[in-house]
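Worksheet: one structure, shown below.
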Amino acid sequence: MKRFIALLTCVILGTACFTGCANHDAAFSQKSYTADGEEITEVFVDVRDRKIDVLLSADNQIHIDYFENSKESYNISVSDGHTLTMTAQNQKEWTDYIGGKSAAGMRKISLSLPDKILTALNLSTTNETISLPALTIMGDLTLSSQGGNLVFDKLYVENTIRLHAKNGDISGTIIGNYNEYAISCDVKKGSSNLPSRKESGTKELNVSNNNGDIDIAFISE
């Protein structure tokens, strides 16, 4: 019995020490990236466990503000086709996941975009919210969050809007007339104010959500 108690104590102490070490984040540093707004036509962001806040650029340039360390970083590049891509690079070991996530302030990406410039905007994350201001996209918009909300206000999109969420809500306003959009809406374990299908319309609105609500309103400019 004494041997069992001693072994159990060692296990508890070892786990506590192990967890304490794993919960200590490698030092994050703030980074920024700037691209010429006139040179970029598409923006693609694919990350994990990061909140994405889209802001309107004050100088017609594209700015990305973020935090990274030796284990959580990003690859940012611009293609010959004028597409700006930001993807996550993760060098974590399984022990780094013990003790919870990094501080919330370190898990945020601020993306400042010029208005009426992009022909495509594609943002994807997990377990966090994507939020957009009043913004005009001269082409297609795609937003996806597995485990977070999609929030937007006064969006104007020339062609197609694609919104996908799981374990989060989709809510916002779209500038335009309801009759302009052919709508496809799939909701599971949640409510929606959109029809499941509406075929007429020159633009497309495709929305899907699992375990969350959909509340989208069409408004005049």
Margin query: I need Glu42, Glu221 ordered by Cβ neighbour count within 10 Å, fewest first.
Written below: Glu221, Glu42
Item checked: For the stretch 118-215, share of DSSP beta bridges that run antiparallel, in % to the nearest 5 -> 5
Next item on the list: Starting from the amide H of Leu118, placed 1.01 Å from N in the peptide plane, find each other amide H under 5 Å away whose residue is 5 or more places distant or on another chain.
Entry: Met138
Notebook entry, point to check: HN-Hα J couplings of the stretch 73-84 from phi, Karplus 6.51/-1.76/1.60, θ = phi - 60°, integer Hz, Gly and Pro as x?
Noted result: 9, 9, 10, 10, 8, 10, 7, 5, x, 6, 9, 8
Item checked: Where a label projected 7 Å from the Cα of Leu56 along Cα→Cβ would reach, residues of the stretch 108-127 with amide N under 13 Å -> 113-117
Notebook entry, point to check: Using θ = phi - 60° and the Karplus curve 6.51 cos²θ - 1.76 cosθ + 1.60, what whole-Hz ³J(HN,Hα) does each residue of the stretch 193-203 get, with Gly and Pro shown as x?
Noted result: 9, 9, x, 5, 7, 9, 7, 7, x, 7, 10
Check: Using θ = phi - 60° and the Karplus form 6.51 cos²θ - 1.76 cosθ + 1.60, what ³J(HN,Hα) does each residue of the stretch 36-41 get, whole Hz, x for Gly and Pro?
Finding: 5, x, 6, 9, 10, 10
Next item on the list: Would you mind checking which residues have amide H under 5 Å from Leu135's amide H? H placed 1.01 Å from N; only 5 or more apart, or other chain.
Entry: Leu155, Tyr156
Check: Under 5 Å between amide H atoms, partner at least 5 residues away or on a different chain: which partners does Phe218 have, H built in plane at 1.01 Å?
Finding: Ile174
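Bear in mind these aren't lab numbers, they're just calculated from the coordinates by the rules spelled out. These figures come from a predicted structure and were not determined experimentally. Cβ: placed from backbone, ideal geometry, glycine included. Neighbour counts: every protein chain shown.
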